[in-house]
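J.: Mind having a look at this structure? Questions to follow.
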Amino acid sequence: MRVTCGPDPEMAGALLATAIGRLDALGSTQLWESLESRIAEQSPSLLLDMSGIKSMSSAGIGILIRLLTRCQQLGGSLAVFAVPDVVLRVVQVVQLEAILNVCADAPEARARLAQRLGR
């Protein structure tokens, strides 16, 4: 799993991360280790570009919920976007589209986070 992360250039208090690889047990651990410490009080929200995710297991679902929980504990939220069809089907099967704020692209994800956070 390759993860890049930095402040979102358009939304204050949010991180923009891109994940590339498989969101399986190993990839989930790597994603968590890359993002957990970066989600903080000054940047409690996360925009996650999933366009590079090739597959996702139950461990991937678990880590997305864990990231969402971390964001919410700090007063933020999570939105995922550009989710490939094969991964989107997994999210739909477990009925997490609304909870994970699944969006088509970054602008929609930013708008969804702003709405959730009352901005």
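The values are calculated or read from the model by the stated rules, or taken from the named source; none is laboratory data. Keep in mind the model is a prediction, meaning the values are calculated, not measured. Methodologically, a virtual Cβ is constructed for each residue, glycine included, from the backbone with ideal geometry; neighbour enumeration extends over all protein chains shown. Surface accessibility is based on the protein's heavy atoms, side chains included, excluding ligands, DNA and RNA. Shrake-Rupley method; radii C 1.70, N 1.55, O 1.52, S 1.80 Å.
J.: Just need a number here: residues in the stretch 59-72 that are in contact (Cβ under 8 Å) with a residue 12 or more places away in the chain and either hydroxyl-bearing (Ser, Thr, Tyr) or open to solvent by 20 Å² or more (accessible area, probe 1.4 Å) (or both).
T.: As a first pass, look at the stretch 59-72 and keep what is in contact (Cβ under 8 Å) with a residue 12 or more places away in the chain: 59-68, 70-71.
Subset that is either hydroxyl-bearing (Ser, Thr, Tyr) or open to solvent by 20 Å² or more (accessible area, probe 1.4 Å) (or both): 59, 61-62, 65-66, 70.
Residues flagged as in contact (Cβ under 8 Å) with a residue 12 or more places away in the chain and either hydroxyl-bearing (Ser, Thr, Tyr) or open to solvent by 20 Å² or more (accessible area, probe 1.4 Å) (or both) within the stretch 59-72 amount to 6.
J.: Which of the residues that make up the stretch 7-44 are loosely packed, with under 14 Cβ neighbours inside 10 Å, among the charged types (D, E, K, R) and closer than 18 Å to Gln72 by Cβ?
T.: Glu36, Glu41, listed by residue number.
J.: I'm told Gly75 meets every condition in (1) loosely packed, with under 13 Cβ neighbours inside 10 Å; (2) out of contact with any Asp or Glu (no Cβ under 8 Å at 6 or more places or on another chain) except one. Can you identify the failing condition by its number?
T.: (2)
J.: Something else: Looking at (1) touching a Leu at 6+ places or on another chain (Cβ under 8 Å); (2) more than 19 Å from Val102 (Cβ to Cβ), find the lone condition where Asp24 falls short.
T.: (1)
J.: Sticking with this one: May I ask you to list pairs of residues, at least six apart or on different chains, whose Cβ atoms are under 6 Å apart, with the first in the stretch 40-58 being under 18 Å from Leu26 (Cα atoms) and touching a residue at least 40 places away in the same chain (Cβ under 8 Å) and the second being open to solvent by 20 Å² or more (accessible area, probe 1.4 Å) and not hydroxyl-bearing (Ser, Thr, Tyr)?
T.: Note: pairs meeting the criteria are Gly52/Ile20.
J.: As an exercise: evaluate Leu78 against (1) within 21 Å of Gly6 (Cβ to Cβ); (2) in contact (Cβ under 8 Å) with a residue 60 or more places away in the chain; (3) in contact with a Ser or Thr (Cβ under 9 Å, 6 or more places away or on another chain) and give the number of the one condition it does not meet.
T.: Of the numbered conditions (1) within 21 Å of Gly6 (Cβ to Cβ); (2) in contact (Cβ under 8 Å) with a residue 60 or more places away in the chain; (3) in contact with a Ser or Thr (Cβ under 9 Å, 6 or more places away or on another chain), the odd one out for Leu78 is (2).
J.: Are any residues in the stretch 1-15 at pLDDT 95 or above, in contact with a Gly (Cβ under 8 Å, 6 or more places away or on another chain) and over 12 Å from Ala40 (Cβ atoms), and if so, which ones?
T.: The answer is Arg2, and nothing else.
J.: Still on this structure: Do you know which residues across the stretch 95-108 are surrounded by 13 or more Cβ atoms within 10 Å (Cβ to Cβ) and over 10 Å from the mean Cα position of the chain (by Cα)? Can you show your working first?
T.: Looking only at the stretch 95-108, we keep the residues that are surrounded by 13 or more Cβ atoms within 10 Å (Cβ to Cβ), and these are 96-97, 99-103, 106, 108.
Leu96, Glu97, Ile99, Cys103, Ala106, Glu108, listed by residue number.
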